[in-house]
1. Scan region 98-152 residue by residue and report those that are among the aliphatic types (A, V, I, L, M), outside any strand (DSSP E or B) and surrounded by 11 or more Cβ atoms within 10 Å (Cβ to Cβ).
2. Quick one: what pairs do we get from region 69-90, first residue within 15 Å of Leu45 (Cβ to Cβ), second acidic (Asp, Glu) and assigned to a helix (DSSP H, G or I), C-beta under 8 Å, 6+ apart or different chains?
3. Return a yes/no flag: does region 186-195 have any residue that is in a loop (DSSP other than H, G, I, E, B), modelled with pLDDT of 95 or more, closer than 16 Å to Val63 by Cα and not charged (D, E, K, R).
4. Hey, among Asp38, Asp42, which residue is crowded, with 21+ Cβ neighbours inside 10 Å, within 27 Å of Asn159 (Cβ to Cβ) and of a type in the set (D, E, K, R)?
5. Only one residue in Ile267, Ile225, Ile232 is at pLDDT below 95 and touching a strand residue (DSSP E or B) at 6+ places or on another chain (Cβ under 9 Å). Which one?
6. Conditions first: (1) out of contact with any strand residue (DSSP E or B) (no Cβ under 9 Å at 6 or more places or on another chain); (2) at pLDDT 95 or above; (3) not hydrophobic (A, V, I, L, M, F, W, C). Lys96 passes all but one, so which condition is the exception?
Amino acid sequence: MRVFALSDIHVDHEANNAWIARLSNSEFQEDTLLLAGDVTHDLSLLRATFEILLSKFKNLFFVPGNHDLWVMPGSDSNSLQKFKDIVEICERLNVKTQPEYVGTNSGKVWIVPLFSWYTRPEEGVDSLYLPKDKDNASLDMWSDNYLIQWPDTAIGKINDYFLQLNEKHLSISCDGHIISFSHFLPRSDIIISTADESKIFKWPHRNERFNFTRVAGSKLLDAQIRRLGSSIHVYGHQHRNRHRHLDGVCYISCCLGYEEERLNGEISPDILLPKEIWNDSVESLLVGE
C-alpha cells in the first residue's frame, strides 16, 4: 500500500478532468490518495470526481479548499452550509475526512485530515503575509471576495472555526508515522521559491498586483501540525509544488493546477501522477528529495 498526494485538480477545466480520467484503473487499487482540496464548486461534479477516484484508489481522504466552498450567485446556501454538505457527501461515499490508519499491520501510517482557512494580515498575527511591491490590498481580483459567503450569524474568525474542528484529533496516540494534510499553507517559508526551484517555478504571480500571501494560510495550522507530531504535511492552494524539510517536518505539495500554468512552467509541465509519499512495502516515508 502506497500513499499519494494531490491537490487543486480543478476538474471544471476539461484538460484536468481528462487528466484524472487517464489515471490507471488498476495501478492504485491497494493505495491511498490524499486530495488536499480545490476539486470544484459544483457538488454534482465533486461527487462524480470522488466516485471516479474511489474506483481507482482503495482509500480517498479529502479536505475542502476555498474553490469547493464557492457559492454561485442566486444560491440560497452559504459557504459554511456548503462545507457541511460536502462532509455529508464524503460520509455517504466513504471519502474520509477524519483520521484513520492505513497500510498493513507491519507498515501502518496514521492519516490526519486538517480543516483550515486563511488569515488575512488585517485579521490576525497568524497571517502568512509577506510584503510585496505593487501590492493591491483590496484583492479585487480574488474570487473568494465574491463567491465565498459566510452566514450572517457570527461564527467568529473563520480560520479559528475550522481549526477548532481539528482539536479532538491532536492528542492521538500513534505507533509510527503521522501524515497530516490541509488545503491551506501552514507557514510562509514554503511560499517563495528557492534558487533551484526558480528555474521551474515562477514568482511572483503573473498578475503583479496580486499578493498571494494575503490569503495563503495560517501559522496556527503549523502549531496544530506540531502538536500532532506529523512526519509529513501535505498541502495545496498555491499552485506551486514543493518538497521541503523544515524543523523536523517534511512539507509536500503536488498541485495539478491549471493547464496554462503547466504549459508556461509555473507548475512542472510533466506532472503525470500524484506524488508518492509513503510505501508500506519498505515501511518508509518517501521524503528524501
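The values are calculated or read from the model by the stated rules, or taken from the named source; none is laboratory data. Quick caveat: nothing in here was measured; it's all calculated off a predicted structure. Glycine gets a Cβ as well: all are built from the backbone with ideal geometry, and neighbour counts include every protein chain shown.
1. Step one: list which residues in region 98-152 are among the aliphatic types (A, V, I, L, M), which gives 102, 109, 111-112, 114, 125, 128, 130, 137, 139, 141, 147-148.
Now drop any that are not outside any strand (DSSP E or B), which leaves 114, 125, 128, 130, 137, 139, 141, 147-148.
Answer for region 98-152, where residues must be among the aliphatic types (A, V, I, L, M), outside any strand (DSSP E or B) and surrounded by 11 or more Cβ atoms within 10 Å (Cβ to Cβ): Leu114, Leu128, Leu130, Ala137, Leu139, Met141, Leu147, Ile148.
2. The qualifying pairs are Trp70/Asp144; Lys82/Asp68; Ile86/Asp68.
3. yes
4. Testing whether each residue is crowded, with 21+ Cβ neighbours inside 10 Å, within 27 Å of Asn159 (Cβ to Cβ) and of a type in the set (D, E, K, R) leaves just Asp38.
5. Just a single option satisfies the conditions, and that option is Ile267.
6. (1)
Residue-wise test of (1) in contact (Cβ under 8 Å) with a residue 12 or more places away in the chain; (2) over 28 Å from Lys157 (Cα atoms); (3) of a type in the set (Gly, Ala, Ser).
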residue: Ala18; (1), (2), (3): no, yes, yes
residue: Phe28; (1), (2), (3): yes, yes, no
residue: Thr49; (1), (2), (3): yes, yes, no
residue: Phe62; (1), (2), (3): yes, no, no
residue: Arg92; (1), (2), (3): no, yes, no
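One line per residue, one yes/no per condition, for (1) of a type outside the set (Lys, Arg); (2) in a helix (DSSP H, G or I); (3) modelled with pLDDT of 95 or more; (4) buried (at least 16 other Cβ atoms within 10 Å of the Cβ):
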{"residue": "Arg47", "(1), (2), (3), (4)": "no, yes, yes, yes"}
{"residue": "Glu51", "(1), (2), (3), (4)": "yes, yes, yes, no"}
{"residue": "Ser55", "(1), (2), (3), (4)": "yes, yes, yes, no"}
{"residue": "Pro64", "(1), (2), (3), (4)": "yes, no, yes, yes"}
{"residue": "Asp68", "(1), (2), (3), (4)": "yes, yes, yes, yes"}
{"residue": "Pro73", "(1), (2), (3), (4)": "yes, no, no, no"}
{"residue": "Ser77", "(1), (2), (3), (4)": "yes, no, no, no"}
{"residue": "Asp85", "(1), (2), (3), (4)": "yes, yes, yes, no"}
{"residue": "Arg92", "(1), (2), (3), (4)": "no, yes, yes, no"}
